[in-house]
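Reading through the structure tokens given below for one structure.
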Amino acid sequence: MKLREKVSAVAIASVVVVGMTFSSFATGTNTALWGAFQKDNTHNGVIETETYTGGNISGHISKKDLERAAWSGIDSAPVIGTEGTGKTYAYCLYSGTSTTKLAKVDCENPDNKVWGDDGNGITVTNSSSFQLSTPALVGNSLYFGTTGFGQMASNADLADGSTSGWEKSTNNTTISAEGGYVKVSGNGTASLAQTITLGQGKGNRVTSAIKLIDGSSATLKVYSNEDEIATKEISGTDWNYLNQNVSSFTIGGNYEIKFELTINGSAYIDYCSVYEEGLQIKKIPDVTSDTPTIETLTSTELGGQIDTPIVVDGNYLYFGTYTGGKSYYQLNLTNNTLKTFTPSSDNFYWAGALTNTNGYVYFGSDNSKIYGRKISNFDAEGITPIDLTTYASDAGQVRSTLMSKDGYMYFTTKGGYLWCFKIESNGNLTHKWHEKLPAASTSTPVISDNDRLYVGYYSGFNAGGVKGFKLADNKDNAPTAIGSITNKGPVQSSVVVYSESTTDYIYFTTNSSTGAGYCYSNTGSSFTNKWETASDTYALQGMASGNGYLVFGNDHSVIEVIKK
């Protein structure tokens, strides 16, 4: 069963890939059609091009099975772009069997292999963790955040047998390079040591690979500041792998890490790695390449999970963290410098940032707060935080990304409320109204061209739906309810909408063991089911759209594409 709130679980492959290097050849230009969570930086998921609104979905749906994890799969919404050739592609960050991957899916022919030899995408971290952060597609560049293990040791892969960055020590042994590996020979001990700095990661792991030469025997031990933290008996003539979680590190600070081999004979060492669990912001500079490069913009010293959508506005990128640093960040994309905002005892989960032309950026928190920070002085200047419990004592956590339209901000809270604030030119926020929903909500509201607002809600893994409202002509006034969809299951996703004249077509997914995708129409008073996909499994996030396609994924790592 899937948790509503996913705390990272990590599975490291038995053979750890230390680095990621891909050759890249620019092949064209890309235009973002659905370039961010809920389309763009307003986060109002309105579809502009005609999508499928008919009845029987047969003949309009295609699927792609990506590499399947134990149960995490696809937990962030895709983004969509079109290349100069006219091809439309969806980009999906997901948890694979033992690594985190980024897939590029041909929307017309999802079975086409685009990135990776098997078409399952390229590896972006060496661990399989829940990935809840929706990427941002800006021109040819794709920005994304990953939670997982990052390499902390210098020259961990002992490239070509080099021990550069390591302090060598021998006792009746020799250390040399042979065949691209470090070779240890003798009857005694040999060690490689270096001092590393650990940040605020949630956990650590040490790994190594050693192969004996015929007739030899050895024992590997790993020390931290002279305390033994891992051991591995080496046997046979195949590669022996050490992959051990380390709980004895006190997170934060400097540590001398030593890999010591007690040996009688000779052995090859492939790598000596120290991983820290944390998060990284990464970038693919050219998504049109068949073999893209990956750039890391931040270090793993940022601890915790990145569970908010990536928001790129001009020269700045915004994201928040859950656990670990418990902070919101502004990353300058020119020089990769970070500014940090860390309120007391708070957390940020799914609460994506909303940028505004008034010079402020806004985001919600688990403490029922709405924060506003000045873009030009993010870490030092902001508005007085809005405490939602002032208006509703049971407001609950803000697990919704903030959405804006016509100078007003809309969002939901887990206490089961829909909120509206006016965004003032001086950066302040003025409360206008809040409406009670049938249950908890993590759904970002959407407002159609017909001025109708739709939002999802849920109660556990079995119940929930979508509620509709007609906004008042004067947006300062509370809206009028126009009914609900109540029989399809929990909707934690954010609804997207396409309008034809006075009819709205709303699209959403359900987060249950029989999760699926749905289309309903609304003419202002009631909802009519138009189509639904076959039941499968948990579909936590919602759909993205572009060039007539609708795309979503689920926990079985299945991408579903509906075309007009």
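The values are calculated or read from the model by the stated rules, or taken from the named source; none is laboratory data. These numbers come from a predicted model, not from an experiment. We place every Cβ from the backbone using ideal geometry, glycine too, and count neighbours over all the protein chains shown. Surface accessibility is based on the protein's heavy atoms, side chains included, excluding ligands, DNA and RNA. Shrake-Rupley method; radii C 1.70, N 1.55, O 1.52, S 1.80 Å.
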Once phi for every residue in segment 493-502 is put through the Karplus expression 6.51 cos²θ - 1.76 cosθ + 1.60 (θ = phi - 60°), the whole-Hz ³J(HN,Hα) values, with Gly and Pro written as x, are 6, 9, 6, 10, 9, 10, 10, 10, 6, 8
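To the nearest whole percent, what portion of all C-alpha pairs in segment 321-390 is separated by more than 16 angstrom? Before the final figure, lay out the partial values.
Numbers: 1128 of 2415 pairs.
When every Cα pair of segment 321-390 is considered, 47 percent fall beyond 16 Å.
Mean separation of Cα pairs under 8 Å and 6+ residues apart, divided by the residue count of the chain: what relative contact order is that in percent? Write down the numbers at each step before the final one.
Working: 1738 pairs, mean separation 84.9, N = 564.
Averaging sequence separation for qualifying contacts and normalising by length gives 15 percent for the chain.
Ignoring ligands, DNA and RNA, what percent of the 1.4 Å accessible area of the chain is carbon and sulfur? Spell out each step's value before the answer.
On the way: 8350 of 19730 Å².
Heavy-atom surface of the chain belonging to carbon and sulfur, 1.4 Å probe: 42 percent.
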P(r) over all Cα-Cα pairs of segment 75-185, 5 Å bins from 0 to the longest distance, whole percent per bin, short to long, reads 2, 10, 15, 15, 12, 10, 9, 9, 8, 5, 3, 1, 0, 0
Applied in sequence order to segment 206-213, the curve 6.51 cos²θ - 1.76 cosθ + 1.60 (Karplus, θ = phi - 60°) yields integer Hz couplings, x standing for Gly and Pro, of 10, 9, 7, 9, 9, 10, 7, 8
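Evaluate Rg over Rh across segment 159-248, taking Cα atoms for both radii and Kirkwood's formula for Rh. Don't skip to the answer; put the middle values down first.
Values: Rg = 13.9 Å, Rh = 14.5 Å.
In segment 159-248, Rg relative to Rh is 0.96.
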Interchain or sequence-distant (5+) residues whose placed amide H lies within less than 5 Å of the amide H of residue 564 are 52
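Could you give the accessible area per residue of the chain, probe 1.4 Å, as a whole number in Å²?
Values: 19730 Å² over 564 residues.
That works out to 35 Å² per residue.
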Given backbone amide H placed at 1.01 Å from N, residues whose amide H is under 5 Å from that of residue 73, ignoring those fewer than 5 places away on the same chain, are 95
Rounded to one decimal in nm, the spacing of the 7 Å Cα→Cβ label points at residue 430 and residue 197 is 4.7
Sorted largest first, the C-alpha extents of segment 134-177 along its principal axes in whole angstrom are 57, 20, 11
Residues whose modelled amide H sits under 5 Å from the amide H of residue 455, counting only those 5 or more places away in sequence or on another chain, are 467
proj_area_mean for segment 483-564 (convex hull on C-alpha atoms), units nm², value 5.2
Rounded to whole angstroms and listed largest first, the alpha-carbon spread of segment 131-204 along its three principal axes comes to 56, 28, 17
Expressed in angstrom and rounded, the centroid-to-centroid distance over alpha carbons for segment 420-483 and segment 62-130 is 32
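Which of the peptides 161-170, 495-504 is most tightly packed, and how do the rest follow, going by the mean number of other Cβ atoms within 10 Å of each residue? It would help to have the intermediate numbers written out before the result.
Details: 161-170: 14.3, 495-504: 19.4.
So the order, starting with the most tightly packed, is 495-504, 161-170.
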Volume per residue (Å³) of the convex hull spanned by the alpha carbons of segment 283-348 is 100
Here the averaged projected area of segment 269-422, based on the convex hull of its alpha-carbon atoms and given in nm², is 11.9
Taking N as the residue count of segment 428-564, its alpha carbon Rg divided by 2.2 N^0.38 Å gives 1.04
For 222-232, 506-516, 353-363, ranked highest to lowest by mean beta-carbon neighbours within 10 Å, the order is 506-516, 353-363, 222-232
Computed over the chain, the distribution of all Cα-Cα distances in 20 Å bins, rounded to whole %, is 21, 50, 23, 5, 0
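Relative to the Cα centre, what is the charge dipole magnitude of the chain, using +1 at the beta carbon of each Lys and Arg, -1 at the beta carbon of each Asp and Glu, and rounding to the nearest 20 debye? Mind showing how you got there, number by number?
Values: 40 positive and 53 negative charges, 220 e Å.
For this selection, approximately 1060 debye.
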As straight-line cross-link partners of residue 113, the qualifying aspartates and glutamates (C-alpha separation under 19 Å, not fewer than 8 residues apart within one chain) are 65, 67, 83, 286, 290, 560
The ³J(HN,Hα) series, computed from each phi in segment 54-65 with the Karplus coefficients 6.51, -1.76 and 1.60 at θ = phi - 60°, rounded to the nearest Hz and given as x for glycine or proline, is x, x, 4, 7, 4, x, 10, 10, 10, 10, 10, 8
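Find the relative contact order for segment 118-164 and round it to a whole percent, using C-alpha pairs within less than 8 Å whose residues are 6+ positions apart. Please report the intermediate quantities before stating the final value.
Details: 32 pairs, mean separation 14.8, N = 47.
Relative contact order comes out at 31 percent.
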The answer for the net charge of residues other than residue 136 whose Cβ lies under 14 angstrom from its Cβ, with Lys and Arg +1 and Asp and Glu -1, is +1
Checked against a 25 Å limit on the C-alpha separation, the offending pairs among 374/467; 39/422; 39/470; 414/467; 104/283 are 374/467
